[in-house]
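Shown next, in structure tokens, is the structure this report addresses.
The values are calculated or read from the model by the stated rules, or taken from the named source; none is laboratory data. Keep in mind it's a predicted model, so treat the numbers as computed, not measured. When we count neighbours, we look across all protein chains shown, and the Cβ atoms used for this are built from the backbone with ideal geometry, even at glycine.
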Amino acid sequence: MSFPNPPPVPDQNASANIEPFSITPPFDDTLFGGGFEANNLIVGGSLNEINNSRRCSIINGYSNYISGQYNTHILGDNINAEISNRFYVGCLSGMWVGGKIDAPLYGEINCDGDITAAGDITAANLSDKRLKDDISLIENPLSKIISLDAIEFNWNDKQSTHQGHDIGLIAQQVEKIAPEIVQERKDGYKALKYEKVIPLLVGAIKEQEEKIQILNDRVEYLLRKVDSMS
């Protein structure tokens, strides 16, 4: 789904012959009732069309199209809905919510831009052992962590999401030791899944604890030797 430049507002005097919207009945008239009883709805906007679909709606906007879908809804402009059971929002400047979103959501949220929240975003990542094959321990996690630089820096104006002073890691360094947790975005800049650094830290702590325990055992052995000689 792509969002082109916003279209010009139609001249109502020049477009008197253009239909503001169009709803055609589903081809199959046996499921959920046929024709206009399929509960399709276009609330407003212009040049919007719902064709051969059921329980779909276009709330507002310009030049939107739903065809052959079920329970698909559009708010915005220039959207060609290609998936059933989906809500499309086509606002070029983004979507702003002035309150709390508190509702069960089943499925995915796909976003081409940034998601910014003044409050918390709470989620749990899937991590069930029954869904994982070829499980093995991360090799040399301590040396991998040591190879990374913990940095502080100031964000520059090559991006518009972050501002001011910050701390973090360098994606290019992380990519050398764990390429699966670094992504290259459409603009060519690299992004890091920071939560995926946690397994490396757990492995590094355990490896370090093993080395500390070995050193403690050696110190205790040497102390016993000294005691036996006195």
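Table: residues versus (1) over 30 Å from L126 (Cβ atoms); (2) touching a strand residue (DSSP E or B) at 6+ places or on another chain (Cβ under 8 Å); (3) hydrophobic (A, V, I, L, M, F, W, C).
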residue	(1), (2), (3)
E152	yes, yes, no
H162	no, no, no
I170	no, yes, yes
A178	no, no, yes
K206	no, no, no
Q213	yes, no, no
N216	yes, no, no
Y221	yes, no, no
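Hey, could you check the range 184-216 for residues that are surrounded by 12 or more Cβ atoms within 10 Å (Cβ to Cβ) and of a type in the set (D, E, K, R) and say which is farthest from N140 (Cα to Cα)? Out of the qualifying residues, it is K190. For the structure I just gave you, tell me whether Q172 is under 20 Å from the mean Cα position of the chain (by Cα) and touching a residue at least 12 places away in the same chain (Cβ under 8 Å). No, not satisfied.
Consider the range 58-95. How many of its residues are under 30 Å from A118 (Cβ atoms) and outside any loop (DSSP other than H, G, I, E, B)? Within the range 58-95, residues that are under 30 Å from A118 (Cβ atoms) and outside any loop (DSSP other than H, G, I, E, B) number 12. Within the set S136, S228, S160, the sole residue that is out of contact with any Pro (no Cβ under 9 Å at 6 or more places or on another chain), closer than 20 Å to T116 by Cβ, of a type in the set (S, T, Y) and surrounded by fewer than 10 Cβ atoms within 10 Å (Cβ to Cβ) turns out to be S160.
For every residue, the table says whether it meets (1) within 21 Å of the chain's Cα centre (by Cα); (2) under 28 Å from D187 (Cα atoms); (3) small (G, A, S); (4) at pLDDT 95 or above.
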{"residue": "A123", "(1), (2), (3), (4)": "yes, yes, yes, no"}
{"residue": "S127", "(1), (2), (3), (4)": "yes, no, yes, no"}
{"residue": "S136", "(1), (2), (3), (4)": "no, no, yes, yes"}
{"residue": "E139", "(1), (2), (3), (4)": "no, no, no, yes"}
{"residue": "S147", "(1), (2), (3), (4)": "no, yes, yes, yes"}
{"residue": "A150", "(1), (2), (3), (4)": "no, yes, yes, yes"}
{"residue": "T161", "(1), (2), (3), (4)": "yes, yes, no, no"}
{"residue": "H165", "(1), (2), (3), (4)": "no, yes, no, yes"}
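For R55, the conditions (1) of a type outside the set (F, W, Y); (2) modelled with pLDDT under 90; (3) crowded, with 17+ Cβ neighbours inside 10 Å are fulfilled apart from (3). Determine, yes or no, whether V174 is assigned by TED's automatic domain parsing to the domain that holds N140 and in contact with a strand residue (DSSP E or B) (Cβ under 6 Å, 6 or more places away or on another chain). Spelling it out, V174 is indeed assigned by TED's automatic domain parsing to the domain that holds N140 and in contact with a strand residue (DSSP E or B) (Cβ under 6 Å, 6 or more places away or on another chain).
Take the conditions within 22 Å of the chain's Cα centre (by Cα), under 30 Å from A118 (Cα atoms) and either free of Cβ contacts under 8 Å to residues at least 40 places away in the same chain or exposed (fewer than 11 other Cβ atoms within 10 Å of the Cβ) (or both) and apply them to I181. Does it pass? Yes: the conditions hold for I181.
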